[in-house]
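Trainee: Structure provided below as C-alpha cells; questions to follow.
The values are calculated or read from the model by the stated rules, or taken from the named source; none is laboratory data. All of these numbers come straight from a predicted model, not from anything done at the bench. So basically every Cβ, Gly included, is an ideal-geometry build from the backbone, and we count neighbours across all protein chains shown.
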Amino acid sequence: MAQPPVVITLTPEQRALLRAASGKSVSTLGVEPTESGSGWLYSAKGNKFWLLKHADAESYEAARRNHQPVIDPKRARFRLRTGASRIHRWGVFAEEPIPARRNVIEYTGELINPAEAYRRVKGAKRTYALALDKFWRIDGTVGGSGAEFINHSCDPNLRCRKVGKGVFCRSVRPITAGEELTIDYRFPAEAAKVPCHCGSRKCRGTINVTRK
C-alpha cells in the first residue's frame, strides 16, 4: 500500500529560491517514498501534488539531440518498427496484423508538470509531451518507448487510453501488417494552428480540433 507524501512547510527563503528556479509560488513540498522522477512534489490543493522540476536545460537538450526513433520491445504488445513516413519524418509501422481493441504500445517518458512542459514546448520545432491528466505530462523525449514517433491522422487507427498511471495506444480497428500507426493529436482549438498532412479523406486540414 502506497504511503502518503510527507509534507514540508517551506520558509520564506526556501520559497524565494524555488520561485526563482521554477517560476512557481510554492508554500509546501511533499516528499514521496517512491521514485516519481527528477524533482519534488508540491501541494496544489488538498491531497493533490504536482511534480516540480528543477530547470536543467543543458541535460534536456542533450537528451533531445540523442533521441532516436527506436521501439522498446518491452513496451510493445505487437511487433513494430520505425521508418520514414509519408506523413511526417519518422513513423511507427505494424510488422504483423493487429486486431481491434488491443493495447499496442505503452506511451512512456519522463513525468513532468505543466510548467516544465510549457518550458520545453515553447519555441521547439518538435515535442513529444502527452497529457496524462490535468496535473501531469509524459515527455517521450526522455525514456520514450518509441510511441512518441506515432504520427497524427484525422482518421487514426489508434487511440490513447489511460490505464492506471500509464497510457496505452489502443487499436480502434484492425490494422494490417505494414500499415503506419496513427493517433489524432487533437491540439486545442485555441492554440496556434498546425497544418495537417495526413492525407485521409476525413482530414480537417489542421491538427487542431475545430470548434462546432
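Trainee: Given the conditions (1) over 16 Å from I207 (Cβ atoms); (2) of a type in the set (D, E, K, R); (3) at pLDDT 90 or above, which single one is not true for E148?
Mentor: Exception for E148: condition (1).
Trainee: Turning to a different aspect of this structure: Out of the residues in region 172-212 that are in a loop (DSSP other than H, G, I, E, B) and in contact with a Leu (Cβ under 8 Å, 6 or more places away or on another chain), state the one that is farthest from K125 (Cα to Cα).
Mentor: The selected residue is V172.
Trainee: Can you pull out the residues in region 98-128 that are under 14 Å from C160 (Cβ atoms) and touching an Asp or Glu at 6+ places or on another chain (Cβ under 6 Å)?
Mentor: Scanning region 98-128 gives G109, Y128.
Trainee: Looking at region 175-189, which of the residues that are of a type in the set (A, V, I, L, M) and within 23 Å of E96 (Cβ to Cβ) is surrounded by the fewest Cβ atoms within 10 Å (Cβ to Cβ)?
Mentor: Filtering first and then ranking leaves A177.
Trainee: Could you list, in sequence order, all residues of region 131-154 that are in contact with a strand residue (DSSP E or B) (Cβ under 7 Å, 6 or more places away or on another chain) and among the β-branched types (V, I, T)?
Mentor: Across region 131-154, the qualifying residues are I138, V142, I150.
Trainee: Separate question: Scanning for something among the basic types (K, R), closer than 30 Å to K24 by Cβ and not in a strand (DSSP E or B), does region 88-109 turn up at least one residue?
Mentor: The answer is no, given that none of the residues of region 88-109 is among the basic types (K, R), closer than 30 Å to K24 by Cβ and not in a strand (DSSP E or B).
One line per residue, one yes/no per condition, for (1) surrounded by 13 or more Cβ atoms within 10 Å (Cβ to Cβ); (2) touching a residue at least 40 places away in the same chain (Cβ under 8 Å); (3) in the same structural domain as F93 (by TED's automatic domain parsing):
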site: A115; (1), (2), (3): yes, yes, no
site: D139; (1), (2), (3): yes, no, no
site: K162; (1), (2), (3): no, no, yes
site: G166; (1), (2), (3): yes, yes, yes
site: R170; (1), (2), (3): yes, yes, yes
site: A191; (1), (2), (3): no, no, yes
site: C196; (1), (2), (3): yes, yes, yes
site: R204; (1), (2), (3): yes, yes, yes
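Trainee: While we're here: Among what's in region 1-20 and is out of contact with any Ser or Thr (no Cβ under 8 Å at 6 or more places or on another chain) and of a type in the set (G, A, S), pick the residue that is modelled with the highest pLDDT.
Mentor: A16
Trainee: Looking at region 118-137 only, could you name the residues that are within 16 Å of S59 (Cβ to Cβ) and either free of Cβ contacts under 8 Å to residues at least 12 places away in the same chain or among the aliphatic types (A, V, I, L, M) (or both)?
Mentor: Selection gives A124 alone.
Trainee: Quick check on Y60: is it buried (at least 17 other Cβ atoms within 10 Å of the Cβ) and either modelled with pLDDT under 75 or touching a helix residue (DSSP H, G or I) at 6+ places or on another chain (Cβ under 6 Å) (or both)?
Mentor: So Y60 fails the test.
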